[in-house]
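Asker: Please read through the structure below; I'll follow up with questions.
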Amino acid sequence: MKHFPAPGLPSPPAPLPQAGEGNIPALAGRGLHKRFRVKGAAQPTQALNDVTLAVPAASLSALVGPDGAGKTTLLRLAAGLMRADAGALHVLGIDVAQNPQAVQDRISYMPQRFGLYEDLSVQENLDLYADLHGVGRDERRERYARLMAMTDLGRFGTRLAGKLSGGMKQKLGLACTLVRSPDLLLLDEPTAGVDPLSRRELWSILRQLVDEARLSVIVSTAYLDEAERCAQVFVLHGGRLIAQGAPDAIRQQASGLCFVAAPPPGTAPRALQARLLDAPATIIDAAPQGGEVRFIRRPDADNAAVDALLDGVSAMPVPARLEDGFMVLLRGREAQAEVKLSAETNATTPSPQPLSREGRGASTPFLYGRLSQRTNAPLPPRGGGAGGEGEVALGEGHSHPNAPASPTPEIVIEVKDLVRKFGDFTAVASASFDVRRGEIFGLLGPNGAGKTTTFRMLCGLLPASSGFLQVAGVNLRTARAHARSKIGYVAQKFALYGNLSVGENLQFFGGAYGLRGSRLRERMQTVLAQFDLAGHEQATSGLLPGGFKQRLAMATGLLHEPEILFLDEPTSGIDPLARREFWRRITALAASGVTVIVTTHFMEEAEYCDRIVIQDAGRLLAIGTPEQVRAQAGGAADGRLSMEEAFIGIVMQGRASSRTAGQGAHA
Amino acid sequence: MTGPARNRFWQRLIALTRKETRQLIRDPGSIAIGVLLPIVLILLFGYGLSLDVKNAPMAVVLEDASPAAAQAVAGLQLTPYISPVPLASMREAEALMRDRKVDGIVRLPGDFSRRLAAGDATIQVIVHGADAAKANIILRYATGALTQDALRRADLAGGAALGGGIGQVSIEQRLWFNSANTSTWYLVPGLIALIMTLVGAFLTALVMAREWERGTLEALFVTPARPVEILLAKIIPYFIVGMAGLLLCLAAARFLFAVPMHGSLAAVVVSAMFYLLVAVGMGLVISSVTRNQFLASQLALILSFLPSLMLSGFLFDLRNVPTPINVIGHAVPATYFIELLRTLFLAGNVWSLVVRDCLILLVYAAVLLGIARVVTRKRLD
């Protein structure tokens, strides 16, 4: 499995399944196509486009890609739940289109929402699947003992599955697929929406299964760091398989191209990162990491250009990761798509850029350039940081709130002893912190930690039970409506009217915020330009691709020029490229003086924040810059903890201390 | 099917049925619809919805104060269907009538006794006509009550003193099959059909859709469970709840409303089983096609419950409706079940009708369950 296609080229055909014993691949597909008709859309969605792959047996394989890449469709085809429009798919040597039941008798499958019966108890769920798979009494007893040891579910036998936490549900879902030894285990995004601790436990269970029981496992995931633990990685993007092979082979794509650079003292890493990202001709990707900036240069970029960008900052080469290889592959594809598109438009239709995936891909490489040229014009220069050409972000970076030299900006959000109870359940217990103007402030925590509750109280959607809460100089407990005019809110789900056009949505929400006449028109023009939506005013919002929808949501949230922007899980489900683009915009926004409050479950995104808060079980466990939080987690002087490791460390510490406190109270 | 395969079939079916039963018991909504709603419907239809007229208030205006006049209206006091309200003037009576405080007026003009002696006395009976059916019934009762006195008088006079149509022959009215003419007797068999439609179609319309919505079906499909087993497991618990509803209704019919049972109880139970299969089949088809609980519940209401209520002859006799409605009504399975039940309850074992209607119900059940089986494929696309 070392073959590795050049970026953009179709993968070489996989070997056909052979009848020989032990030689049968777990899954072998050739030329798979699948289209869906989406309601209201003129064009059917191409979920899978000429996918050819072979997944070997007795190993752990990952299906990687952003939302909409085609992962779920491929797994459903393999499980016999759907039939391909074209192509052949053999699972365990059986033609699954011909005989789905034969495949379903031998495999186990966990769908995205775990497929649990929430009104049945843990034990009843397990018994149901054991009965369906015809597991005998004796076998069952031995099997259950092992599953309980593995998943730690034994304590919850009689609890209803619906009353379990997200992580426990995920483990129960997995246990239900393992009531007997399947010949192939398919897991569809088992770690989506599950906190890092539970994710880590799940992967160690899978590792163990493959090593000890020689199980064949295919896992789909949007997390590239998870795919790194697998023997094979299959990278899907826009319905196409863009790479398959061992993680090493994909990593190889970026080998020798990855560096880490420390920003000049007193500046935020994101300032340097923004500058690097804005030079797509030289840099493939840049992201803040551990207080430094990690970047990938283009193989064909000349050293002088890189040095000029770094502006005296020294860069250390680092080993490539899977994500780096993925970014290199993705950028390669985009360059190709762009060439293809421009050729097409020249030859056939000189029409405006279509809102297709190809179109989006083609526009992305130039996006950062356009954005940086514009940042000083459309963004209101409220923070007083209107610098020179494309320098706004960097200029503000120097007067960073954490930089000791500059005058400290005023406090815009002040929280003291904030408590929220639902009945006798305390969702948020005595939280205190403050946020300064122009800061990017992150709320992090596992599911059920209280971050959504905190977030909702901050933007005035939920009254606090007790405590002091002042937002933009207004006490939220007494003057909520007034405070609302100063804040913008972007919900996690697309909360605009899908059947209205882009322009109509902006008009409506502008009106709702009290904008009218020339003022409204002027603001609409500004946000349309700011979020690259100009020219798409007539497009129906609901049919826009994901990235566009999110930009429209942001544009709507900023129409009334709020001082504070609240973003709830803005990056969940969007691909790494779109996430970079998103954070680039946020960086520019913060530079212009807008305060940004953001929740995220991507731990590495905490690196973009000036300060973060980590919550668990309603308690505030850590607050400070990413550096301070890392230090609190006990990061050794040299061994840099990743944000995820720091997060896990802090949550574990917090849980351990609350447990000892609890024991002390009982004693 | 070989031995082990059959064993596995039963093991899976039992496991799935146990699961459905647990879910049914733990869902307060299902319990409310399956148990509480039948009880509410029985009480509502049994006591609240009555087509009978009892104690209808009627203004009695005696403009002639003679004993003969008083005697003429004495009959009104005796009938249980009318309660007379004596008034002094027509003006008052009209006011009450306008306010719908009384349903009618009986007026004896000032020259009543004089004209009675002359042999051409008239009594004016006015009835509020807003509710035509009720007006007719009241008119009939009032006329009947007033005629009593006239007949007696005619008897005394020994001749046709009053002239007109009333002779000395007493008219004895008689109703067949519902000899007390209590509408409860007529409604309760229909009510059984209605409740079984509700439990069968409405509850099962939710179950498949619920699994589609929660994504649990996806996991269930990728197991050795066969579609037939999944469907059977969904039918069994709801069939039992439906039969429990039947027992509840039969008990209420017997002990609460004292509806006579002229036919065979076994025939009632067997035909109810057939009808329940029809209802369950309809629910499963709706559920599998819509895959959405809200849509499924709306469709179940429109396609099964409302036709069973409005078009089945439950409220309106199908022979009296326009032909198109009559045709539609005869496409509704509840029509045959209600016909069957009324026959069995009130008329007795009319075997030709019982057998014919049972066969029709069986065909409906087979077709609907067949469709449910065909649309329940282990496929998401």
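Asker: Look through B:LYS101, B:LYS19 and report the one residue that is in contact (Cβ under 8 Å) with a residue 24 or more places away in the chain and more than 14 Å from every other protein chain (Cβ to nearest Cβ).
Answerer: Checking each option against the conditions leaves just B:LYS101.
Asker: Looking at (1) touching a helix residue (DSSP H, G or I) at 6+ places or on another chain (Cβ under 6 Å); (2) surrounded by fewer than 21 Cβ atoms within 10 Å (Cβ to Cβ); (3) over 24 Å from B:PRO227 (Cα atoms), which is the one condition that is false for A:ARG141?
Answerer: Failed condition: (1).
Asker: Test B:LEU295 against the criterion of being out of contact with any helix residue (DSSP H, G or I) (no Cβ under 6 Å at 6 or more places or on another chain) and not in a helix (DSSP H, G or I), and give yes or no.
Answerer: no
Asker: Could you count how many residues in region A:47-94 are farther than 27 Å from B:PRO224 by Cα and more than 14 Å from chain B (Cβ to nearest Cβ)?
Answerer: Total meeting the criteria: 10.
Asker: Identify all residues within region B:71-96 that are among the aliphatic types (A, V, I, L, M) and touching a strand residue (DSSP E or B) at 6+ places or on another chain (Cβ under 6 Å); write none if there are none.
Answerer: Listed by number, the residues that qualify are B:VAL73, B:LEU76, B:ILE82, B:VAL85, B:LEU87, B:MET90, B:ALA93, B:LEU96.
Asker: Against the conditions (1) more than 14 Å from chain B (Cβ to nearest Cβ); (2) surrounded by fewer than 21 Cβ atoms within 10 Å (Cβ to Cβ), where does A:THR191 fall short? Just the number, please.
Answerer: Only one criterion is unmet by A:THR191, namely (2).
Asker: Determine whether A:TYR109 is within 30 Å of A:THR571 (Cβ to Cβ) and either touching a helix residue (DSSP H, G or I) at 6+ places or on another chain (Cβ under 7 Å) or more than 11 Å from every other protein chain (Cβ to nearest Cβ) (or both).
Answerer: For A:TYR109, the condition - within 30 Å of A:THR571 (Cβ to Cβ) and either touching a helix residue (DSSP H, G or I) at 6+ places or on another chain (Cβ under 7 Å) or more than 11 Å from every other protein chain (Cβ to nearest Cβ) (or both) - is met.
Asker: Take the residues in region B:190-210 that are crowded, with 24+ Cβ neighbours inside 10 Å and not hydrophobic (A, V, I, L, M, F, W, C), then tell me which one is nearest to the other protein chains (Cβ to nearest Cβ).
Answerer: For region B:190-210, the residue satisfying everything is B:THR204.
Asker: Right, here's the next one. Residues B:ILE14, B:ILE25: which one is within 25 Å of B:ALA252 (Cβ to Cβ) and surrounded by fewer than 19 Cβ atoms within 10 Å (Cβ to Cβ)?
Answerer: B:ILE25
Asker: Could I ask something else about it? So, in region B:228-258, how many residues would count as being more than 21 Å from A:TYR129 (Cα to Cα) and within 10 Å of chain A (Cβ to nearest Cβ)?
Answerer: Residues in region B:228-258 being more than 21 Å from A:TYR129 (Cα to Cα) and within 10 Å of chain A (Cβ to nearest Cβ): 0 in total.
Asker: Can you tell me which residue in region A:557-573 is surrounded by the most Cβ atoms within 10 Å (Cβ to Cβ), limited to those that are more than 26 Å from A:HIS482 (Cβ to Cβ) and not polar (S, T, N, Q)?
Answerer: Result: A:GLU569.
Asker: Given A:ALA279, A:ALA271, A:ALA308, A:ALA315, which one is touching a strand residue (DSSP E or B) at 6+ places or on another chain (Cβ under 8 Å) and of a type in the set (Gly, Ala, Ser)?
Answerer: A:ALA315
Asker: Right, something else. Looking at this structure, is A:SER216 within 16 Å of the chain's Cα centre (by Cα), at pLDDT 90 or above, surrounded by 17 or more Cβ atoms within 10 Å (Cβ to Cβ) and farther than 19 Å from A:ALA320 by Cα?
Answerer: no
Asker: Identify the single condition in (1) surrounded by fewer than 23 Cβ atoms within 10 Å (Cβ to Cβ); (2) within 14 Å of chain A (Cβ to nearest Cβ); (3) not in a helix (DSSP H, G or I) that B:ALA225 does not satisfy, given that it satisfies every other one.
Answerer: That leaves (1) as the condition not met.
Asker: While we're here: Quickly run through region A:129-159 and pick out the residues that are among the aromatic types (Phe, Trp, Tyr) and within 13 Å of chain B (Cβ to nearest Cβ).
Answerer: A:TYR129
Asker: Among A:GLY162, A:GLY166, A:GLY173, which is the only one that is small (Gly, Ala, Ser), touching a Gly at 6+ places or on another chain (Cβ under 8 Å), within 12 Å of chain B (Cβ to nearest Cβ) and touching a residue at least 24 places away in the same chain (Cβ under 8 Å)?
Answerer: Criteria check complete, one pass: A:GLY173.
Asker: Of all residues in region A:467-502 being within 32 Å of the chain's Cα centre (by Cα), assigned to a loop (DSSP other than H, G, I, E, B) and hydroxyl-bearing (Ser, Thr, Tyr), which is modelled with the lowest pLDDT?
Answerer: Within region A:467-502, the match that is modelled with the lowest pLDDT is A:SER485.
Asker: Suppose we keep only residues that are surrounded by 18 or more Cβ atoms within 10 Å (Cβ to Cβ) and touching an Asp or Glu at 6+ places or on another chain (Cβ under 8 Å) within region B:288-318. Which one would you say is farthest from B:LEU41 (Cα to Cα)?
Answerer: Per the stated criteria, the residue is B:GLN293.
Asker: Can you name every residue in region A:283-307 that is modelled with pLDDT of 85 or more, among the small types (Gly, Ala, Ser) and either closer than 13 Å to A:GLY256 by Cα or buried (at least 16 other Cβ atoms within 10 Å of the Cβ) (or both)?
Answerer: If the condition is that a residue be modelled with pLDDT of 85 or more, among the small types (Gly, Ala, Ser) and either closer than 13 Å to A:GLY256 by Cα or buried (at least 16 other Cβ atoms within 10 Å of the Cβ) (or both), then A:ALA286, A:ALA287 are the ones that fit.
Asker: Taking the condition among the charged types (D, E, K, R), in contact with a Gly (Cβ under 9 Å, 6 or more places away or on another chain) and modelled with pLDDT of 85 or more, does A:ARG240 pass?
Answerer: yes
Asker: Looking only at region B:282-316, which residues are more than 19 Å from the chain's Cα centre (by Cα) and β-branched (Val, Ile, Thr)?
Answerer: Those that are more than 19 Å from the chain's Cα centre (by Cα) and β-branched (Val, Ile, Thr): B:VAL285, B:ILE286, B:VAL289, B:THR290.
Asker: Mind checking which residues of region B:51-72 are more than 14 Å from B:LEU139 (Cβ to Cβ), within 36 Å of the chain's Cα centre (by Cα) and aliphatic (A, V, I, L, M)?
Answerer: B:LEU51, B:ALA59, B:VAL60
Asker: Filter region B:228-269 for residues that are under 20 Å from the mean Cα position of the chain (by Cα), part of a helix (DSSP H, G or I) and not small (Gly, Ala, Ser) and give the result.
Answerer: Hits for region B:228-269 are B:MET243, B:LEU246, B:LEU247, B:LEU248, B:CYS249, B:LEU250, B:ARG254, B:PHE255, B:LEU256, B:LEU265, B:VAL268, B:VAL269.
Asker: Say we look at region A:503-523 and pick out the residues that are under 29 Å from the mean Cα position of the chain (by Cα) and within 15 Å of A:GLY557 (Cβ to Cβ); which of these is surrounded by the fewest Cβ atoms within 10 Å (Cβ to Cβ)?
Answerer: Filtering region A:503-523 for residues that are under 29 Å from the mean Cα position of the chain (by Cα) and within 15 Å of A:GLY557 (Cβ to Cβ), the one surrounded by the fewest Cβ atoms within 10 Å (Cβ to Cβ) comes out as A:PHE509.
Asker: Residues in region B:40-57 that are at pLDDT 80 or above and in contact with a Leu (Cβ under 7 Å, 6 or more places away or on another chain): how many?
Answerer: Qualifying residue count, region B:40-57: 2.
Asker: A:ALA47 fails exactly one of the following numbered conditions: (1) touching a residue at least 60 places away in the same chain (Cβ under 8 Å); (2) under 20 Å from A:LEU178 (Cβ atoms). What is the number of that condition?
Answerer: Failed condition: (2).
The values are calculated or read from the model by the stated rules, or taken from the named source; none is laboratory data. Note that the structure is a prediction, hence the values are computed from the model and not measured. Virtual Cβ from ideal backbone geometry, glycine too; neighbours counted across all protein chains shown.
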